[in-house]
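Accompanying notes for the structure given below.
The numbers here are math on the coordinates, done by the rules we state, and not lab data. The shown structure was predicted, so the numbers you read here are calculated from the model rather than taken from an experiment. Note that we place each Cβ from the backbone using ideal geometry, even for glycine, and neighbour counts take in every protein chain shown.
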Amino acid sequence: ASERDDSVLIVGMELSYPPFEMTDESNKPTGISVEMAEALASRLGKELRIENIPFAGLIPSLRTGKIDLIISSMTRTEERAQSISFSDPYLHTGLCILVSKDNPATSVADIDMPGKRIAVKQGTTGHIYTTKHVRNAEILMFDKEAAAALEVSQGKVDAFIYDQISIYLNWKKHQETTRALLNPFNEESWAIGAQLGNTELLGKVNAFLEDYKSSGGFDALGDKYLSEQKREFKELGFPFFF
Amino acid sequence: MRLELKSVVKQYGQQRALDNLNIAILDTSCLALIGPSGGGKSTTLRLLAGLEAPTSGSIRINENEIGSDAAKRNAHLKNVGVVFQSYNLFPHLNALTNIALPLEKVHRHSKADSITKAESLLQQFQLFEHRFKMPSQLSGGQNQRVAIARAIAPDPDIVFLDEPTSALDPEMTAEVLDAIESLVEAKKRLVIATHQMGFAKQAADTVAIIAGGKLVEVGDASQVIDQPGTERAREFLNASLKF
Amino acid sequence: MRLELKSVVKQYGQQRALDNLNIAILDTSCLALIGPSGGGKSTTLRLLAGLEAPTSGSIRINENEIGSDAAKRNAHLKNVGVVFQSYNLFPHLNALTNIALPLEKVHRHSKADSITKAESLLQQFQLFEHRFKMPSQLSGGQNQRVAIARAIAPDPDIVFLDEPTSALDPEMTAEVLDAIESLVEAKKRLVIATHQMGFAKQAADTVAIIAGGKLVEVGDASQVIDQPGTERAREFLNASLKF
Amino acid sequence: MSIKSIFYHAAEGDDALPSRLSRYASFFLAALLLSLLLYGSFAALQYQWNWQSVLRYKAKFIEGWFTTLKIACVSLIFAFLVGAISALCGRARFLPVRYLSTLYVELIRGTPLLVQIFLFYYVIADAANIQNRYFVGVAIMAIFSGAYISEILRAGIEGVGKSQLLSAKAIGFSEYQTFRYVIAPQALRSSLPALAGQTANLIKDSSLLSIIAISEFTLNAQEVNAITYSSFESFFPLAIGYLAVTLPIMRLSRVIEKKLQFDT
Amino acid sequence: MSIKSIFYHAAEGDDALPSRLSRYASFFLAALLLSLLLYGSFAALQYQWNWQSVLRYKAKFIEGWFTTLKIACVSLIFAFLVGAISALCGRARFLPVRYLSTLYVELIRGTPLLVQIFLFYYVIADAANIQNRYFVGVAIMAIFSGAYISEILRAGIEGVGKSQLLSAKAIGFSEYQTFRYVIAPQALRSSLPALAGQTANLIKDSSLLSIIAISEFTLNAQEVNAITYSSFESFFPLAIGYLAVTLPIMRLSRVIEKKLQFDT
Ligand SMILES: Nc1ncnc2c1ncn2[C@@H]1O[C@H](COP(=O)(O)OP(=O)(O)OP(=O)(O)O)[C@@H](O)[C@H]1O
Ligand SMILES: Nc1ncnc2c1ncn2[C@@H]1O[C@H](COP(=O)(O)OP(=O)(O)OP(=O)(O)O)[C@@H](O)[C@H]1O
Ligand SMILES: [Mg+2]
Ligand SMILES: [Mg+2]
């Protein structure tokens, strides 16, 4: 409902998901998605502006035209696709589990039992997965990732389901008290979001992703931000998504 | 001053404070309202001052009918000074400001003039040293004197005083009497509700006795007080001879 | 009742309300405090009632030294009734409850007894029909009578009355005088601050004149009022003859 | 009755309520104006409503609403208790108790509820080995709202005139009796609007308990929002659900307020 | 001076402040107690502090703190304006205006700020074509807090005794003058504690503006929390940052309150 400067590309993301979307010490946006957005903007010949919007505010912002695109590690889902359009996926990952140290569980089936409690972060694919597939355990929704991890570490819940990299990082933080099951038990893909019906922009985005992948842009970013994780995953013998 | 109340009724909820009150006075410079407690003196005073509207009936002061019309009542209020039975100074202002503020804001005196005027009145009532005290820090009589000073400060045409000397010692009462006399000389008019017959007799030229919300007797001050015409008035006044 | 105030000083901020006050009275059943406005009557009354502590000096009533010790003051307060100059009824309670509540809660009467007692006092002061009114709905004199009724309701040993008749008409004043006489007959003791010399003379057996926070004269009521011994007292009392 | 006289309230007798017709007509006019503003805005937005997907989750709304209500009710009772005790402690003779009350009120009112919930649940309750999150949630809300109620009551208590305290002393009331029969009724009367407001706040603030995974009204609405991506559709039931509780409370308080009115 | 007399405040002369020694010693004791409680809980938790990683982001905290402060200051001014106007409108002769004020106060106080922000930013501001989010943020906070301030002022205004209004009328004060010289000073005095509290609330509530991407204090702290994977380390600066503003406000209000005291 508003006129805007055409020479600026406004990208919305929640800058609290390292190493994809975050800020550096001087409060500047940085991370994999940010560099991606920069590349995309220069490809479109536009000036980039990043809006730091909490995850829940991203889709409303897009729908009311306050931003042009969402690049915020957003998984493409059926339900989201009814509200916004998604580009081709640019990254495939999967859900993993954080359990407490003395929990013998090895798979989702082990924790989906009566009397068990599973923590998820509200609005994430972990949340969507559990509401669809978890039958027996009680699901607890959290607003903050840190809270969910703390719950596992204090034994208040049995497991925390989230994506691979987050589970890994949370486990690093609570190594004494938790254990991570880093073998993804499902597959999902991240994509860039645009307004419904904005096929023109979406086409340009898809073309950019194609080129970016083939020209090794993603690999370079992986080496820059995730080299340590990559190495550790190799040592631990888990598949790494990036 | 001509005063005329015609079948005035004032009803508070269940309570009929004035019950068909009729008073007609052709000319008076100082009217005293006397009568038993709860008889309706304060209510009559509030109505005459234009602070409240009667439930029914008409009230005429000189040529103004102030009973039914809010605008007229408000115009009337501007030329009037009132002292309530319970002083009613503003608790958040000191004695000096209580007097000076209305002068400055309502009567458009300059600030300096207002203060000078207030100070001279405080002096007259022997309150100068207490001028910066808040009402809660003043004695009963001091409060009352400030209230009187506030009422007469803007030189109103008519001053309404409800029990103005109840908290005053005889010396201060004499002082107030002097003030009243000089007001009368300055062609101001007064209506005073009081329990002190001696004071009423000296201050007023006309006296009205009100009891049970009705007029009992009205007439020349010394005549009504010394030779009351009705049984009820005689009864009431006899009691006052005791003191 | 024996009363002894020795070099009593009461300081309010800058203001010295009582300035080395000395009074010694060997026996009195009803003491009247008179004197000019702002002289210190109310302050003396508050100190004698044990409501405030003196800044310095000693206060002795009968055998009790109540000046310095808070516990003693509070014990003293239980046997005492007080009427303030500005009534001070509780604004959120009606007339009846204002009287009955302390009877029930402080003096442990049954609820029914408290109400009966309160009602009979209201009747005595001709307030029965007004018993359910809130203080703000009562006339000045009605308020004052409720306050007196509240003070004497629990049959206290000593009653302190600050200007108890200031808002009362002569008839009601006579009523209060009767009440005081019957209290004295019942061996109760009273201290009254008043501006009405006639009332003081009839009610009290002893009179003390206080001015400027100091004692001017003390003695037998009719003697002090009719033949004052000091110049200041004569001056003060002369003014009162006017009314 | 002229049109003017319908909408205008006479200057005189300000106590008297305007006539029923006047009140209804005026209220209607005011409500109409507001509705038009909202309607116009949505029309300008050209928003495509999608109520179906939200409606499917109505059980979630209802469930969350009841959870919020239950938590709020229980918290409220304790909050009043805590607040009253703290207000009393603020007048204690033993000074450390007095300062403890001040510290409590200022620390709680001065810091975000979010931080308090986190600290209380993950640190203090954990140390005390209290596991039930609903229990802890109620405790936190009681402690949080209690600080506000304490301050409201303090203001009410201090508003009672000194002359009345003197009067109570003269009558022989003990400190407790003075409090019970003189201070409390008047303080309650004068703090009523603030207390009603605080109750409404408690109900709304309890939504922050979502961060310790208490599935109350706001969390559930946001969850529906997160699932269906229909922001406005889930916010309307949310607003109406809260109004359904808070509005009657505020109205009730006004009625009681009018009833308890007395003049000082 | 015995130990008892240090910690006990004499019954007499309740107005008199306790001695300086008493106050400090008592305050210290109270603060000590609270600190011990917190310290003990953290000790039981055996939490491994990691201040370094949080400290690296201190620029973020500082920046957010200033943003919050700026928004709060500007909002506060407008909130007072809105609140005062609404309180005045609540006494208007023209009844629809009166009900508009009531509706405004009740709708705003009755619904969650979150919903209001959403509605206001994405619908109303959008329809009015206002794009600047800081501008909208300030407007929302002013409207939200204004409703609370309006209610606080209303209570204060209604608390002024009727006898004083009569007195003002008798003196010849116009309605405006009565308001200006009699009602306002007394109402302000009696609403001061509530106003200070509301100011503190405004500062804290502004944290919800994060959902429209205003990078204020709380949002920044939570981002640091998420980025550094720390649980508690970023909450402490948060609490202290808010306290640094709210505490002085509450203290100041108490001082002014004492100064303006008068007896009715
Ligand atoms: N709280 C206070 N602060 C300052 N001064 C006070 C306070 N209370 C009383 N005073 C002053 O102390 C003096 C004595 O007051 P007190 O009330 O005892 O007089 P009083 O003899 O009862 O006078 P009145 O007949 O007018 O009631 C007065 O000058 C009064 O202004
Ligand atoms: N607001 C009110 N509500 C109910 N009754 C009232 C109200 N105001 C006055 N009254 C009653 O009206 C009657 C007359 O009151 P008013 O104050 O005029 O008496 P008064 O002659 O001034 O008495 P006093 O000498 O005691 O001051 C009294 O019985 C009183 O109780
Ligand atoms: Mg009267
Ligand atoms: Mg006195």
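Overview of values
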| item | result |
| --- | --- |
| Cβ-defined net charge surrounding residue B:146, 11 Å radius [Lys, Arg +1; Asp, Glu -1] | +4 |
| Inter-label distance for residue A:213 and residue E:261, nm, one decimal - labels placed 7 Å from Cα along Cα-to-Cβ | 7.5 nm |
| Karplus (6.51, -1.76, 1.60) ³J(HN,Hα), θ = phi - 60°, over the stretch B:35-42, in Hz, Gly and Pro reported as x | x, x, 4, x, x, x, 5, 4 |
| Computed [θ] at 222 nm, helices only, for chain C once each DSSP H run of length n ≥ 4 contributes -39500 (n - 2.57) | -12000 deg cm²/dmol |
| FRET efficiency estimate (nearest 0.05) - Cβ-Cβ, residue B:2 to residue E:45, R0 60 angstrom | 0.10 |
| For residues of D:87-99, the mean tally of beta carbons on other chains within 10 Å | 5 |
| Selection from D:24, D:188, D:244, by position along the positive dipole direction of chain D (Cβ) | D:188 |
| Value at 222 nm in deg cm²/dmol, rounded to 500, when DSSP H runs of n ≥ 4 in chain E each add -39,500 (n - 2.57) | -23500 deg cm²/dmol |
| Position residue B:214, label points 7 Å along Cα→Cβ, spacing to each other copy in nm (shortest first, one decimal) | 5.7 |
| Highest-first arrangement of C:193-202, C:119-128, where packing means the average Cβ count within 10 Å | C:193-202, C:119-128 |
| With at most 13 neighbouring Cβ atoms within 10 Å, loop trypsin sites (Lys or Arg not before Pro) (DSSP) excluded, longest segment of chain A | A:136-242 |
| Closest Cβ on chain C to the rotation axis that carries it onto B (distance rounded to whole Å) | C:166, 2 |
| Above-threshold pairs, the threshold being 22 Å between Cα atoms, out of B:78/B:188; E:58/E:204; E:162/E:258; C:111/C:133; B:6/B:214; B:105/B:187 | E:162/E:258; B:105/B:187 |
| Helix B:140-152 axis, angle to chain B major axis (alpha carbon atoms, nearest 10°) | 90 degrees |
| Estimated vicinal HN-Hα couplings, Hz - the stretch D:90-105 in sequence order (Karplus 6.51, -1.76, 1.60; Gly, Pro = x) | x, 10, 5, 6, 6, 4, x, 5, 4, 6, 4, 5, 4, 4, 4, 4 |
| Inter-site label distance for residue D:88 and residue A:25 at 7 Å from Cα along Cβ, in nm | 5.4 nm |
| Trypsin sites (Lys or Arg not before Pro) within the stretch B:48-125: DSSP coil, no more than 15 neighbouring Cβ in 10 Å | B:108 |
| Kirkwood hydrodynamic radius over Cα pairs of the stretch A:1-127, then Stokes diffusion coefficient at 10 °C and 1.306 mPa s, in µm²/s | 94 µm²/s |
| Cut-off under 5 Å, modelled amide H: who pairs with residue B:107 long-range | none |
| Low-density loop positions, trypsin sites (Lys or Arg not before Pro), the stretch C:126-200 - DSSP coil, at most 14 other Cβ in 10 Å | C:187 |
| Inter-centroid distance (Cα atoms) of the stretch D:66-143 relative to the stretch B:1-47, Å | 59 Å |
| Teacher prompt: residue D:21 distances to equivalent labels in other copies, 7 Å Cα→Cβ, nm | 7.6 |
| Helix-derived mean residue ellipticity, 222 nm - over chain A, DSSP H n ≥ 4, -39500 (n - 2.57), to 500 | -12000 deg cm²/dmol |
| For residues of B:50-56, the mean tally of beta carbons on other chains within 10 Å | 2 |
| Net charge, residue B:227 excluded, C-beta distance under 11 Å - Lys, Arg +1, Asp, Glu -1 | -2 |
| Those GluC sites (Glu not before Pro) in the stretch A:165-242 that DSSP places in a loop and that have at most 10 other beta carbons within 10 Å | A:176, A:187 |
| Residue order, fewest to most surrounding Cβ atoms within 10 angstrom, among D:119, D:34, E:32 | E:32, D:34, D:119 |
| Neighbour-count order for E:206, B:222, fewest beta carbons within 10 angstrom listed first | B:222, E:206 |
| Inter-copy label distances at residue D:92 (7 Å, Cα→Cβ; nm, one decimal) | 4.9 |
| R0 of 41 Å, Cβ-Cβ distance residue D:107-residue C:78: FRET efficiency to nearest 0.05 | 0.50 |
| Radius 14 Å from Cβ of residue E:173, net charge of other residues (Lys, Arg +1; Asp, Glu -1) | +4 |
| Backbone HN-Hα couplings from phi across the stretch C:227-236 [Karplus 6.51/-1.76/1.60, Hz, Gly and Pro as x] | 10, x, x, 10, 4, 4, 5, 4, 4, 4 |
| Beta bridges per DSSP with both ends in chain A, % antiparallel, nearest 5 | 55 percent |
| Beta bridges by DSSP in the protein assembly as shown, antiparallel share as percent, to the nearest 5 | 55 percent |
